[in-house]
Every structure is written in C-alpha cells, then in structure tokens.
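J.: After the structure tokens below, expect a handful of questions from me.
None of the figures in this text is laboratory data; all of them are computed from the coordinates on show. Only a predicted model underlies this, so the values are computations on that prediction, with no experimental measurement involved. Using ideal geometry, Cβ is built from the backbone for each residue, glycine included, and neighbour counts are taken over all protein chains shown.
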C-alpha cells in the first residue's frame, strides 16, 4: 500500500505541472489588461505629455512588478521575422498589432521605426497647448494616432492619415506637429517598400531560460519568502504559497482565499457529515425493504427534494422564515458577529443559529444521490453467495447487514467521496450569494464578474489538486473497506 501511495504521489507531479500549464495558458489569453484594471482605467488621456509619461511610468512599474514584462514561457517557436523582444511592448493590443505588421511586412527594424514614430507623434500632440481653435482638431488627431497603434490594414491606416492631414490645417498651433507626422508617413512607406515577408516562412526557436512569466508564476523567484506588504511583492510562486495579487484591492490572493476558504470548509465539512450520517442509513433501510411502501415513500420524497432547486427554496425560506410579513425564525444573511467580548460558547451559538438554514439548503440535495448509490450497492451485495451462506448459518439479520454487507456496499459511496475535496473549496456559489456568506463560492463568483483572474485561477488550481487528493483517498478507502482489493501487485 505504501509503495502504491508513493507511486501515485509521484504521478501527481507531472499531472499538476500539466494542469498548471493549462491554467497558465488560459490566464495569459484571458481578456483585459490586469495593469490597467489595477490602475483603475490605465493611462491619462488629457493634459501634457508629462502627464502621459507619468501615468505610463506607473503602468510600466506595476507591469514589471507583476512580471508581465517577461517572456511568457521558457521558449517560443515562431519565425525569424518575429523578434525575441516583442514581449517588452507594454500594451497587449499594441503587441497584437505589431505581430500582424510583422506577418504583413516581415522587416522588424522598419516596423519598430514606424511604431516609435507614432509614439513621437502622440507625445507631440499632447504637448500642443489647447485653445478654442485647435481643441476639436487635437481630439481628432489623438484618436487617429491611437487608431494607428491598433490598425495594420492599409485602408484603415490611410484613413487615419487623411484625418490627421485634414486636422493639421485647422490651427497654426498645430504646425509643430506636421514634421513629426510626415516622419510617421515616411517610416510607414519605408516599412511597406522594404518588406521581407519571406522571413515569416523561416522557423525560429527562441530560448529565454527561467526568466519568464510561467516560471515566476508557478515556481517563483528569489528571495524565497516575501513580506506581506504588496508593495514588496517579489513573486514567490504558486508552489511556495504566493498566488499573486488581487486586481481589485491589490491584496495578496492567499489572504483573500484563506479568509473565505475557512468559512466554506467549515460549512462543507458539517454538511458532508450530515449527508453521510443521514443518506447512508436511508439507503440501507430502503435496500432492506426493497419494493415496500416505505421504500417507495422514501424514494418519492427524496426525488421530490432532489428536483427542487436550492436557490428557489433558499429564496422562499428567506421570504417566509426570515422576518418580513411572515415568520421570523432564522436570520436572513451572514454568519453573525464573532465578538471577542463574548464567550466561545456564545460565539458558537451565534454562528450555529445563522448556519442552520444555509446548512439545510446546502445539504438536502445530496441525500437522494448518495442514498440511491448506497441502496444500489446494498442490493448488489445482498444477492451474493456469501450473504446467503451467512444467513444459512443462522447469523442475525442486523449482523449480516452491518458487518458483512455494509463494507462491500460502500465502494460506490467511496467513489463519490473523491468529489468532496474540491467541493470544500469551491463552495455553493448560489447559496453563499443569497445568504451573503463570505465563502469561496461568493469570492470566486465576484472574481469572475470582476475579471479578477489571480483569484479565479488560484481556485481552479486548488480544485484540480484537491480532486487528485480525493481520488487517492478513495483508492485507500477501497482497500480499507474491501480486503480483496490490493495495490501491492500480489493476490489477496
């Protein structure tokens, strides 16, 4: 058994690596710009170039702090036209457009010159003093310049060039921008005339070493430990307990998750105990009285409960049992205040009072499936020869059921146990939102809505890892309840 457990743990290592690669791949392709999200909207579009540079400096500093200025992986496979430094371009949309220009023209040196000249034009437009004559023209010119950053098609680029041409004659104060704009057009024409598209057909493999985003996200960088202050973030890595920084409040994701997972694990653990303590005896009772009125009644009640959506019952329970125009038996939301001034018993009593209704609604849907699995397992075992032999020997029926039948009937139930671990961290999203319980379900849902990807993908990673643990525990329990199962390679 020990050898088998060690082998499974060793298999976990490549499995977790594959999961981490998939998770990281999804995260890097998720929509939105995390830096702009953390800066609440990104750069400043008004004022002089100094203001623009100041906001961009903050953008670049935060981007570097998050490690987004690094290449994505240890290596990249592309073509010889694509430079190995394109990841240094800060804006994602700019990088995507430059990649398209590389595909269209292939000459990176000329493409880079064109891109830098657009940047100079942008700064020059911001430095022009705004007055009544040029205000509208400046807005149009800035919009056209921003469009040049995003467009690679010739007709769209020409369209924005025409807009700038037209607006530069609206005011004498814009004359200073004219030579810089002409330089942009010249660089664009040079890029077109000296295209080397053949480079796109020459494959190129580029290596970056451990200085990449995946390595920093999963394995981390030195120093091995970091201060809890987000301003000193150094990227300790997922496997060392550093799950990144929340985009919303810039708190370490670990502290956000830990505050929520304690609540969800407490509720899930209690719910699991209640479910197994009730569902298993129900399944045994139904199997012993197969086809009876009691069996049919229990089956009907369980399937009626199973068909009722928990969120619907939760809404009805709040309306009819939590004050308002009807009964005021349970609190409608929250977990109650855990006060240091109260005794431990008083705090537990308050917490239990708030949890009664959520626990009932969290748990009732599990009775049907688990009890039916237990009933099916019992019925399959009750027909075995060794059960008939035990009865023929005169053993009491209770002993036959609970000693000989019960253990071998637990295999389907143990299979379900593998899903318990990920549920303990994912929580019941709908119920946590309805009852305003600050658990993992509520946190994960709010993170998805807010595109707070560090939290979303940390929950995803933990759920996958706990699923693996659940399967390992299930395999161990198989051998515990059924002596015929052996993982040593020999026969039992």
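J.: Using the 10 angstrom Cβ neighbour count as an exposure proxy, how do 313, 355 rank, fewest first?
T.: With the sparsest Cβ surroundings first, the list reads 313, 355.
J.: Taking R0 as 45 Å, what's the FRET efficiency between residue 359 and residue 28 from their Cβ-Cβ distance, rounded to 0.05?
T.: For residue 359 and residue 28, the calculated efficiency is 0.70.
J.: How do 375, 8 line up, fewest other C-beta atoms within 10 Å first?
T.: Fewest-to-most ranking of 375, 8: 8, 375.
J.: Which order do peptides 88-98, 197-207 fall in by mean Cβ count within 10 Å, highest first?
T.: Packing order, densest peptide first, comes out as 88-98, 197-207.
J.: Right, next: Step by step: find N for region 319-416, compute 2.2 N^0.38 Å, then divide the Cα radius of gyration by it. What's the final number?
T.: 1.77
J.: Subtracting the Cα-Cα distance from 0.36 nm times the residue separation, let me have the gained length for residue 146 to residue 316 in nm, one decimal.
T.: 56.0 nm
J.: Based on the Cβ-Cβ distance from residue 393 to residue 37, what FRET efficiency comes out when R0 is 60 Å, to the nearest 0.05?
T.: On the way: r = 71 Å, r/R0 = 1.19.
For residue 393 and residue 37, the calculated efficiency is 0.25.
J.: May I pose another question? Can you pull the one-decimal nm distance between simple spin-label points at residue 289 and residue 337, each 7 Å off the Cα toward Cβ?
T.: With each label placed 7 Å out from Cα toward Cβ, I get 4.9 nm.
J.: Still on this structure, please answer the following. At 0.36 nm per residue, minus the direct Cα-Cα distance, what do residue 249 and residue 194 gain on full extension? Give it in nm, one decimal, please.
T.: Residue separation times 0.36 nm, minus the Cα-Cα distance, leaves 15.0 nm.
J.: Figure the gain on full extension for residue 120 and residue 205 (residue separation times 0.36 nm, minus the Cα-Cα span) and round it to one decimal in nm.
T.: Details: separation 85, 0.36 × 85 = 30.60 nm, distance 3.26 nm.
Gain in length upon complete extension: 27.3 nm.
J.: Pairs of Cα atoms under 8 Å, at least six residues apart: use those to get the relative contact order of the chain, whole percent.
T.: Once normalised by length, the contact order is 16 percent.
J.: How do 277, 191, 38 line up, fewest other C-beta atoms within 10 Å first?
T.: Taking fewest neighbouring Cβ atoms as first place, the list is 277, 38, 191.
J.: Work out how far the C-alpha atoms of the chain reach from end to end along every principal axis, then list the three figures in whole Å, largest first.
T.: Principal extents (Cα only, largest first): 108, 65, 43 Å.
J.: How big is the C-alpha Rg of region 104-210 next to the rule-of-thumb value 2.2 N^0.38 Å, as a ratio?
T.: That ratio works out to 1.27.
J.: So if R0 is 56 Å, what FRET efficiency would residue 85 and residue 299 give, r being the distance between their Cβ atoms, rounded to the nearest 0.05?
T.: E between residue 85 and residue 299, to the nearest 0.05, is 0.25.
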